[in-house]
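Undergrad: Questions regarding the structure given below will be posed in turn.
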Amino acid sequence: MTVQSELRVEVPAKLSIQNVSKSFHSAGGHVHALDRVSLDVAEGEFICLLGPSGCGKSTLLNIVAGLEQADDGQVVADGGPIREPGRDRMMMFQESALFPWLNVRDNVLFGLKLKPNLRRKERLEVAQFYLRLVGLEKFQRSFVHELSGGMKQRVALARALAPNPRVLLMDEPFAALDALTREQLYGDLQRIWQERKKTIIFVTHNVREAACLGDRVILMSPHPGRIQEEFKVDLPRPRDINSVELARHATAIMASLKGARANAEVAE
Amino acid sequence: MKRFIRAAIFFVGLLVVWEGLYLAHIWSPVLVPSPLSVGRYLWGAALDGTLGSATVVTLRRLLYGYAFGLAIGLPLGFLTAHFRVLKDTIGLLALGLQTLPSVCWVPLALLWFGQTESAMFFVVVMGTIWSVIIATEDGVRNIPPIYARAARTMGSRGLHTWVKVILPGALPYIVGGMKQGWAFAWRSLMAAEIYVTILSGFGLGFLMNNGRELNAMDQVIGIMLVLLVIGLLADKILFAPWERMLRRRWGTAK
């Protein structure tokens, strides 16, 4: 294994979510988180799962990650059903989930060290490459608490990219950031996505964010979690979240989202 | 440097006050000896070797028992954090025994082992182990679950997760527990050494009690000073580097 082969742009994966259902039993009673959800994701597609809380979008992401099991149905990645987490699918969370006992570089190295056939020097080079990609090579030796919220999420992105996965799963990764930092990260994420050709599933409850990032925006509705509607966003990239065309898309999605909520309230 | 000077001035001031009280003859010099006579005792005991050998005896007892207590307590802590059944049994036992002042192990140890090194060892282990178990268990339980999830997505499983994620994640708690275990072990060992003479080795506690029997207040206070210095050094050498590391990495302000 060489650094070149390790860093080559992997063919992004094709995903197929087939009739996935999931319920939770808790003290509060029975929650039907997902009800027969099906979705096909093409190689290298950027999908945004959008919906109010309780619509099961994070649960769906966890099932694709292999962190949770579907009660019914399955997720197929490149022909094989997903049963557990795998290096081909890396995940990013709302909190950075970086390890405070490791510095920035060692955090990025964590996943790489679990990859066989890589020598120390090669791992370091790979980590270096991704830290440069997110613009943080100068902060290699910093500890997590010394970074701003935006920098933490950049490190988390580098850490998720480092093992060269074919799918990137992102669970509201920018929700806790201020607007300005967020806008910067929208730009970075689009650039990195185009450069590294990943299949991305991005969970959010922010309509504009979804319209800005997604090739397709999948609108989900709660109780039980279902796919309500699908929007294709065919704007050129990189997209500016403040552009008028984008606002038009966002407005259409928002209207549908509000309609769903009104319907849900009537039904209750 | 400024902090060092400040501390030096403070302690010299204390000595001056002490000497002043001695010179004022408010109390009998048998009860309040001068700092000079305490210094003379320490100097003499250091020269004839009694102080050195007593320190070695005491520290050996402490370190052996402490090391053993850690070796048992840390794994037990991880196990009780992992298995519900151990939490409900050993965890509960540890919680109960930790509230027991560790000195209370001394009479039992003497009856079980007699006036032997084993009794001392047992007392130190009992002082160490419960705090370490509880702190380790607490530490493991307080790790944000998202760390383990993130590690899992990166391919970490089983033992790797325990060594590379759970152990370092619990470290702030573990160091706290180790410190408390050390303090409990140190206190109970001193109590045991004062309480009972063990012929296989005369520790600092023995020397202090010996001073009481001889009505030699300079010896009593001298040994107390030695104990104080050992306590300070243990903190600075054994625990301060860990705490510094934790502060630097976790960024917890203290």
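The values are calculated or read from the model by the stated rules, or taken from the named source; none is laboratory data. Computed from a prediction, not measured in an experiment: that's the story for all the values here. For neighbour counting, all protein chains shown are included, and Cβ atoms are generated from backbone atoms with ideal geometry for every residue, glycine included. Protein only, heavy atoms only, side chains kept; ligands, DNA and RNA dropped before computing areas. Shrake-Rupley method; radii C 1.70, N 1.55, O 1.52, S 1.80 Å.
Undergrad: Using protein chains only (no ligands, no nucleic acids) and a 1.4 Å probe, work out which residues of region B:229-254 have their accessible area cut by at least 50 Å² relative to the chain alone.
TA: B:248, B:249, B:250
Undergrad: Among B:69-81, A:54-66, B:48-60, how do they line up from the highest to the lowest mean number of other beta-carbon atoms within 10 Å?
TA: In descending order of packing, they fall as A:54-66, B:69-81, B:48-60.
Undergrad: Average partner chain C-beta neighbours within 10 Å, per residue of A:109-122?
TA: Mean shielding by partner chains, rounded to a whole number: 2.
Undergrad: Evaluate peptide A:98-107: per residue, the Cβ atoms of other protein chains within 10 Å of its Cβ; return the mean as an integer.
TA: For this peptide, the per-residue mean of nearby foreign Cβ atoms is 4.
Undergrad: Assigning unit charges at the beta carbon (Lys, Arg +1; Asp, Glu -1) and nothing else, what dipole magnitude in debye, to the nearest 20, does chain B show about its Cα centre?
TA: For chain B, the charge dipole is close to 1460 debye.
Undergrad: What do you get for the angle between helix B:2-24 and the principal long axis of chain B? Use alpha-carbon atoms, 0 to 90 degrees, nearest ten.
TA: Here the helix axis deviates by roughly 40 degrees.
Undergrad: To the nearest 10 degrees, how steep is helix A:179-196 against the longest Cα principal axis of chain A, on a 0 to 90 scale?
TA: Here the helix axis deviates by roughly 70 degrees.
Undergrad: So, one more: Using the alpha carbon gyration tensor of region A:104-194, what are the three equivalent-ellipsoid semi-axes (square root of 5 times each eigenvalue), largest first, in whole Å?
TA: Square roots of five times the eigenvalues give 22, 15, 11 Å.
Undergrad: Now for a different question. Taking the Cα centre of region A:169-212 as origin, work out the dipole magnitude from +1 charges on Lys and Arg Cβ and -1 charges on Asp and Glu Cβ, in debye rounded to 20.
TA: So the dipole magnitude of region A:169-212 works out to roughly 240 debye.
Undergrad: Positive end of the charge dipole of region A:3-267 (Lys, Arg +1 and Asp, Glu -1 on Cβ, about the Cα centre): tell me which of A:17, A:109, A:96 has its Cα farthest that way.
TA: Of the candidates, A:109 comes out farthest on the positive side.
Undergrad: How big is the Kirkwood radius of chain A, worked out from every pair of different alpha carbons and given in Å to one decimal?
TA: 19.2 Å
Undergrad: Can you give the relative contact order of chain A as a percent, counting alpha carbon pairs under 8 Å and 6+ residues apart?
TA: In percent, rounded to a whole number, it is 27.
Undergrad: With charges only on Cβ, +1 for K and R and -1 for D and E, what is the dipole size of the protein assembly as shown about its Cα centre, in debye, rounded to 20?
TA: That gives the protein assembly as shown a dipole magnitude of about 1140 debye.
Undergrad: For the protein assembly as shown, take N as its residue count and report Rg(C-alpha) divided by 2.2 N^0.38 Å.
TA: 1.34
Undergrad: Under 13 Å from the Cβ of residue B:165, count the other residues' Cβ atoms, weight Lys and Arg +1, Asp and Glu -1, and hand me the total.
TA: Around residue B:165, the charge tally is +4.
Undergrad: If you line up the Cα atoms of chain B on their principal axes, what length do they span on each, largest first, in Å?
TA: Principal axes ranked by extent give 73, 52, 30 Å for the Cα atoms.
Undergrad: Starting from the Cα of residue B:31, step 7 Å along the direction of its Cβ; do the same at residue A:87; then give the gap between the two resulting points in nm.
TA: A separation of 7.6 nm, rounded to one decimal place.
Undergrad: Could you give the nm distance between label points at residue B:18 and residue B:5, where each point is 7 Å from its Cα heading toward the beta carbon?
TA: Between residue B:18 and residue B:5, the label points sit 2.4 nm apart.
Undergrad: Another question about this same structure. Please report the buried accessible area for the interface of A with B, total over both chains, probe 1.4 Å, in Å² to the nearest 100.
TA: By this definition, chains A and B bury close to 2200 Å².
Undergrad: Now a separate question. Taking the solvent-accessible surface of protein heavy atoms with a 1.4 Å probe, what is the per residue accessible area of region B:57-250 in Å²?
TA: I get 48 Å² per residue for this part.
Undergrad: Report Rg (one decimal) and Dmax (nearest whole number) for region B:36-82, counting Cα atoms only, units Å.
TA: Cα radius of gyration and Dmax of region B:36-82 are 18.4, 56 Å respectively.
Undergrad: Pick from A:237, A:87, A:226 the residue whose mean-square fluctuation is largest in a GNM of chain A, springs joining Cα atoms under 10 Å.
TA: Checking each option, the largest mean-square fluctuation is seen for A:237.
Undergrad: Taking all protein chains in place and a 1.4 Å probe, what share, in percent, of the accessible surface of the protein assembly as shown do carbon and sulfur account for?
TA: In the protein assembly as shown, the share of accessible area belonging to carbon and sulfur is 61 percent.
Undergrad: In terms of modelled amide H atoms, which long-range or inter-chain residues lie less than 5 Å from the amide H of residue A:49?
TA: Excluding prolines and chain starts, which carry no amide H, the hits are A:202, A:203, A:204, A:218.
Undergrad: I've got another one for you. Please list, in chain and number order, the residues 5+ apart from residue A:92 or on another chain whose amide H is under 5 Å from its amide H, with Hs placed from the backbone.
TA: Placed amide hydrogens put A:169, A:170, A:171 under 5 Å from residue A:92.
Undergrad: Across the residues of B:142-150, average count of Cβ atoms on other protein chains within 10 Å?
TA: 4
Undergrad: Using R₀ = 35 Å, calculate the FRET efficiency as 1/(1 + (r/R₀)^6) where r is the Cβ-Cβ separation of residue B:160 and residue A:69; round to 0.05.
TA: 0.95
Undergrad: So how far apart, in nm, are the two label points at residue B:89 and residue A:230 if each is 7 Å from Cα heading toward Cβ?
TA: 5.5 nm
Undergrad: Name the chymotrypsin sites (Phe, Trp or Tyr not before Pro) in region A:84-164 that are in a loop by DSSP and that have at most 14 other C-beta atoms within 10 Å, would you?
TA: Filter output for region A:84-164: empty list.
Undergrad: Further question: Could you give me the ³J(HN,Hα) list for region B:117-134, computed from phi with Karplus coefficients 6.51, -1.76, 1.60 and θ = phi - 60°, whole Hz, x at Gly and Pro?
TA: Once rounded to whole Hz, the list reads 4, 4, 4, 4, 4, 4, 4, 5, 4, 5, x, 7, 5, 5, 4, 5, 4, 5.
Undergrad: For residue A:245 and residue B:243, FRET efficiency with R0 = 60 Å and r from the beta-carbon atoms, rounded to 0.05?
TA: 0.60
Undergrad: Give me, ordered by chain and number, the residues 5 or more places off residue A:229 or on other chains with an amide H under 5 Å from its own placed amide H.
TA: A:219
Undergrad: Now, a different point. Round to the nearest 10 and give me the degree value, 0 to 90, for the angle of helix A:149-161's Cα axis relative to the longest principal axis of chain A.
TA: Helix A:149-161 sits roughly 80 degrees off the main axis of chain A.
Undergrad: Which loop-located chymotrypsin sites (Phe, Trp or Tyr not before Pro) does region B:1-41 contain, where loop means any DSSP state but H, G, I, E or B and the Cβ has at most 12 other Cβ atoms within 10 Å?
TA: Within region B:1-41, the qualifying chymotrypsin sites (Phe, Trp or Tyr not before Pro) (loop, at most 12 other Cβ atoms within 10 Å) are B:27.
Undergrad: Right, something else. Along the charge dipole of region B:57-250, Cβ charges K/R +1 and D/E -1, which of B:107, B:64, B:132 sits furthest on the positive end?
TA: B:132
Undergrad: While we're here: Using Cα-only point scatterers and the Debye equation, what is log10 of I(q)/I(0) for region A:113-268 at each q in 0.13, 0.17, 0.19 Å⁻¹, rounded to two decimals?
TA: -0.70, -1.05, -1.21
Undergrad: Moving on to the next point. Work from the charge dipole of chain B (Cβ charges, +1 for Lys and Arg, -1 for Asp and Glu, about the Cα centre) and give the residue of B:142, B:156, B:168 farthest towards its positive end.
TA: B:156
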